[in-house]
Ligand SMILES: NC(=O)c1ccc[n+]([C@@H]2O[C@H](COP(=O)([O-])OP(=O)(O)OC[C@H]3O[C@@H](n4cnc5c(N)ncnc54)[C@H](O)[C@@H]3O)[C@@H](O)[C@H]2O)c1
Ligand SMILES: O=C(O)C(=O)C[C@@H](O)[C@H](O)[C@H](O)COP(=O)(O)O
Ligand SMILES: [Zn+2]
């Protein structure tokens with residue numbers, strides 16, 4: 001097993017991302033190592049994953065807490081945060097304890113936020129099982145839950161101690177979930193790497209779990225994210241910085257919230273959001289019509305939506321968009337493209353323009 005290691009440099013909070021088919025064994029070793037030092041370990045996972053695709057079925061872990069939440073975006077909620085924290089307390093997990101998040105982005109965000117909150121912060125490890133979690137959500141320390149008013153509106157920055165990416169988990173991932181992950185893969189090309197976008201466009205066979213390039217693509221995305229996060233961990237840079245990872249997300253989070261969490265998968269909403277960001281960029285003279293068409297084409301290759309599946313209220317979309325976390329002093333900020341591969345944060349976009357752009361996806 002050849003393991004790629006990507007380092008996230010954050011001075012005292014630096015950590016490694018291990019990428020390999022079989023990297024799960026490294027997660028098992030890390031958990032055993034903690035137990036050997038009498039540090040409690042708890043696993044957080046999800047009903048569709050635990051015992052089906054992933055199994056810490058090992059006598060060493062017999063006495064560890066295993067907290068299994070329901071499947072889907074709705075699981076990123078206060079009820080599960082409470083459940084996890086209470087179970088950690090009932091199992092006497094102390095400050096030497098650690099949470100292993102085993103699943104997709106939903107489990108990672110929820111378990112990470114639980115680890116950030118419990119006793120004001122205990123260690124946690126990411127063991128991502130979806131493409132989206134491998135290339136994006138397991139890296140960088142954004143953790144959180146949704147509230148009816150908006151996506152990820154409650155959360156914390158809390159970096160994992162390590163990330164173990166076992167690419168063999170992708171074999172069982174449904175095609176729709178693989179495509180959702182591809183939206184975030186494409187995002188890296190659009191936000192900062194024109195040649196990576198070209199590489200994705202020119203692949204003879206679209207990426208899949210068994211594609212020979214899949215491990216390299218995951219490592220490339222992790223490297224890009226690690227660099228961005230190292231330079232601007234808490235998204236405070238005035239020159240874009242980490243906010244560029246939010247390309248398409250002002251639209252996407254409004255769509256997810258308005259349609260009802262889970263109706264569009266996060267990656268599906270991000271794909272559509274990036275097309276809308278392209279149209280807004282084109283309208284502002286930053287992107288050519290041809291570039292917008294290329295973006296639409298690659299989304300279509302991966303069966304990602306390029307318009308709304310059913311009617312949706314633009315008033316509600318606009319209202320949800322007002323609660324985007326990038327807004328400053330009541331003014332929205334959008335991540336747009338100055339050509340493919342060069343994203344920028346653009347302040348002061350009028351709501352009338354956002355409405356016009358949302359309406360291009362109505363029918
Ligand atoms: N923290 C971040 O930086 C960040 C980044 C991107 C996305 N996110 C968040 O991530 C979430 C989306 O994550 P997701 O797309 O991984 O969705 P998810 O966690 O809901 O997982 C998708 C589905 O795949 C199933 N599944 C997982 N692994 C599997 C496997 N190996 N085989 C078969 N089925 C499997 C799950 O049961 C689930 O039904 C959203 O809440 C989004 O906001 C966070
Ligand atoms: O890591 C980041 O920073 C990102 O923006 C990655 C996004 O793909 C991810 O969906 C993130 O959760 C969105 O962040 P938010 O701050 O808009 O909730
Ligand atoms: Zn995202």
query: Looking at 170, 200, which is the one that is within 22 Å of residue 272 (Cα to Cα) and more than 16 Å from ligand 2 (Cβ to nearest atom)?
result: 200
- line: Expected single match for more than 25 Å from residue 144 (Cβ to Cβ), outside the structural domain of residue 258 (by TED's automatic domain parsing), buried (at least 20 other Cβ atoms within 10 Å of the Cβ) and touching a helix residue (DSSP H, G or I) at 6+ places or on another chain (Cβ under 8 Å) among 75, 42, 20, 31 is 20
- prompt: residue 227 is checked against (1) without any contact (Cβ under 8 Å) to a residue 24 or more places away in the chain; (2) over 24 Å from residue 160 (Cα atoms) and fails just one. What number does that condition carry?
  reply: (2)
- prompt: Can you name the number of the only condition in (1) within 18 Å of the chain's Cα centre (by Cα); (2) at pLDDT below 95; (3) buried (at least 19 other Cβ atoms within 10 Å of the Cβ) that residue 269 fails?
  reply: (2)
field: Flag for residue 231 being surrounded by fewer than 17 Cβ atoms within 10 Å (Cβ to Cβ) and either closer than 17 Å to residue 188 by Cβ or within 16 Å of ligand 2 (Cβ to nearest atom) (or both)
entry: yes
message: Of the residues 205, 235, only one is outside any helix (DSSP H, G or I), assigned by TED's automatic domain parsing to the domain that holds residue 287 and within 16 Å of ligand 3 (Cβ to nearest atom); which?
response: 235
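The values are calculated or read from the model by the stated rules, or taken from the named source; none is laboratory data. In this text the structure is predicted, and so the values were computed from the model without any measurement. Positions of Cβ are backbone-derived with ideal geometry, glycine not excepted, and every protein chain shown enters the neighbour counts.
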